[in-house]
Amino acid sequence: MRENLGDKFLVVTPSIWPVEHVDDQKRVVTVEHVFENSADYIVVGRPIRNADDPKAAAENIQACVARLFSGH
């Protein structure tokens, strides 16, 4: 999309599933892969909602995002 449209639009990638939480999704990618491929935002639903500890699941995903953008 960016090659054709440039930076005019935000890229939002829905239905992110951490690989360890494969459910009924046919296509599973890591948070790292999505951001490395130019996503601006991700949408994570069931992997957080259905987790035994939703707060911890959300915090783990956020920590991964933070590491990506902090360069660590």
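Residues that are closer than 30 Å to residue 6 by Cα and either crowded, with 16+ Cβ neighbours inside 10 Å or modelled with pLDDT under 90 (or both) were ranked within the stretch 44-63; the one that is farthest from the chain's Cα centre (by Cα) is 45. Within the stretch 36-64, residues that are of a type outside the set (Lys, Arg) have Cβ atoms under 6 Å from residues that are assigned to a loop (DSSP other than H, G, I, E, B) and at pLDDT 90 or above in these pairs: 57/51, counting only partners at least 6 apart in sequence or on another chain. Number of residues in the stretch 1-18 that are surrounded by 13 or more Cβ atoms within 10 Å (Cβ to Cβ) and either in contact with a His (Cβ under 8 Å, 6 or more places away or on another chain) or at pLDDT 80 or above (or both): the value is 2. Quickly run through the stretch 38-72 and pick out the residues that are outside any helix (DSSP H, G or I) and either more than 15 Å from residue 15 (Cα to Cα) or among the aliphatic types (A, V, I, L, M) (or both). Within the stretch 38-72, 38, 39, 42, 43, 44, 51, 52, 53, 71, 72 qualify.
I need the full set of residues from the stretch 19-37 which are farther than 18 Å from residue 66 by Cβ and either modelled with pLDDT of 70 or more or in a loop (DSSP other than H, G, I, E, B) (or both), in order please. Result: 22, 23, 24, 25, 26, 27, 28, 29, 37.
The values are calculated or read from the model by the stated rules, or taken from the named source; none is laboratory data. All values derive from a computational prediction rather than experimental measurement. Using ideal geometry, Cβ is built from the backbone for each residue, glycine included, and neighbour counts are taken over all protein chains shown.
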